[in-house]
Amino acid sequence: MENDLQKTIPDITNVPDIQTYFVNQAFEFQELMMRYSCAIREVRTKLEVLNDELNIHHKRNPIEFITSRIKRPISIVEKLKRYGVPISVESVEQNLNDVAGVRVICPFIDDIYAVADMLLRQDDITLLKKKDYIQNPKENGYRSLHLIVEIPVFFSNQKRPMRVEVQIRTIAMDFWASVDHQLKYKQDVENPEQISRELKECADIIAQTDARMLAIKEKIYSGSPHTETPAEKLKKLSVPLG
């Protein structure tokens, strides 16, 4: 119990005014969340610009819609506890990559890699980590492309590099993930193993549907000379997959 308390509250024995300390921590946390919110706006703007441009040039949108979120304070604390690191404003920025999240929903699988490739080509975007759960799905059937990127955000008196997790998936993948997420909060489920198997089967069916829809799209747009695909370019990036 004492160790948990020490992780939750840093050493404040040398702080003359404890109340002032906690007020300052609250302000610093609020400021950090503001910086993450600004980083989300920067990434969203880049994606919206790309989508608008491609709509003009190719008469179609590779992005159906974009959502974003800031991780809730309780979720931040729980994750820091799981990592066994101090619970402080500094620790959030040092240890967590997914406080700021942007989710990009695309019509087709190849759009996912095309959008990722175009985003990562921008010279102020740094790719820190990638996890391709499309090529290598999770055991439960989850599929999505995850990118941890760093982007500079300009404030009144400084430039700060901020991390944002970008998840890119198809409409079908997003549907499955949303339903799976809701069912995880259902308690006292009978035959949980059977439910897991059925969800995995649904994920596989959705993946087959995505593949068929892509094949239909390629038949419609066939005739163009072959070039290196965005997926092939993405695989060449020397960034850890873990």
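Non-local amide H neighbours of SER68 (under 5 Å, H modeled in plane, Pro and chain starts lacking H): which ones?
ARG103
Where the centre of each part is set by its Cα atoms, how far does the stretch 123-174 sit from the stretch 58-114, in angstrom?
After rounding, the separation between the Cα centres reads 7 Å.
What are the GluC sites (Glu not before Pro) within the stretch 91-161 that DSSP puts in a loop, where the Cβ has at most 16 other Cβ atoms within 10 Å? It would help to have the intermediate numbers written out before the result.
Values: sites: GLU93, GLU139, GLU150; in loops: GLU139.
Passing both the DSSP loop test and the Cβ count: GLU139.
Residue by residue through the stretch 61-72, which ³J(HN,Hα) values in whole Hz follow from phi under the Karplus form 6.51 cos²θ - 1.76 cosθ + 1.60 (θ = phi - 60°), with glycine and proline marked x?
9, x, 10, 6, 6, 10, 10, 8, 7, 9, 4, 5
Taking the Cβ of LYS217 as the centre, find all other residues whose Cβ is under 15 Å away and add up their charges (Lys, Arg: +1; Asp, Glu: -1). Show your work: numbers first, answer last.
Working: positive: LYS59, ARG60, ARG212, LYS219; negative: GLU64, ASP110, ASP111, ASP210, GLU218.
So the environment of LYS217 carries a net charge of -1.
Can you work out the Karplus-derived ³J(HN,Hα) for every residue in the stretch 42-51? Use 6.51 cos²θ - 1.76 cosθ + 1.60 with θ = phi - 60°, whole Hz, and x for glycine or proline.
Each residue's phi maps through the Karplus curve to give 4, 5, 4, 4, 4, 5, 5, 5, 4, 5 Hz.
Taking a ≥ b ≥ c as the square roots of the eigenvalues of the Cα gyration tensor of the stretch 115-201, is the shape rounded (a/c under 1.5), prolate (a/b larger than b/c) or oblate? Kindly include the intermediate steps, with their values, before the conclusion.
Numbers: a/c = 3.67, a/b = 2.25, b/c = 1.63.
The shape class here is prolate.
If each residue's Cβ is checked for other Cβ atoms within 10 Å, how do PHE29, PHE154 rank with the fewest at the top?
Details: PHE29 15, PHE154 10.
Going from sparsest to densest Cβ surroundings: PHE154, PHE29.
Considering only DSSP states other than H, G, I, E and B, which trypsin sites (Lys or Arg not before Pro) in the stretch 23-123 qualify as loop sites with at most 15 other Cβ atoms within 10 Å? Please list the in-between numbers first.
Numbers: sites: ARG35, ARG41, ARG44, LYS46, LYS59, ARG60, ARG69, LYS71, LYS79, LYS81, ARG82, ARG103, ARG121; in loops: LYS59, ARG60, LYS71, ARG121.
For trypsin sites (Lys or Arg not before Pro) across the stretch 23-123 that sit outside H, G, I, E and B with at most 15 neighbouring Cβ atoms in 10 Å, the list reads LYS59, ARG60, ARG121.
Taking θ as phi - 60°, what are the ³J(HN,Hα) couplings along the stretch 150-159 by the Karplus curve (6.51, -1.76, 1.60), each to the nearest whole Hz, with x for Gly and Pro?
For the stretch 150-159, the Karplus-derived couplings read 10, 9, x, 10, 9, 10, 4, 10, 6, 10 Hz, x marking Gly and Pro.
Readers should treat all values here as calculations from the given coordinates under stated rules, not as data from a laboratory. Worth saying up front: this structure is predicted, and the values here are computed from it rather than measured. When we count neighbours, we look across all protein chains shown, and the Cβ atoms used for this are built from the backbone with ideal geometry, even at glycine.
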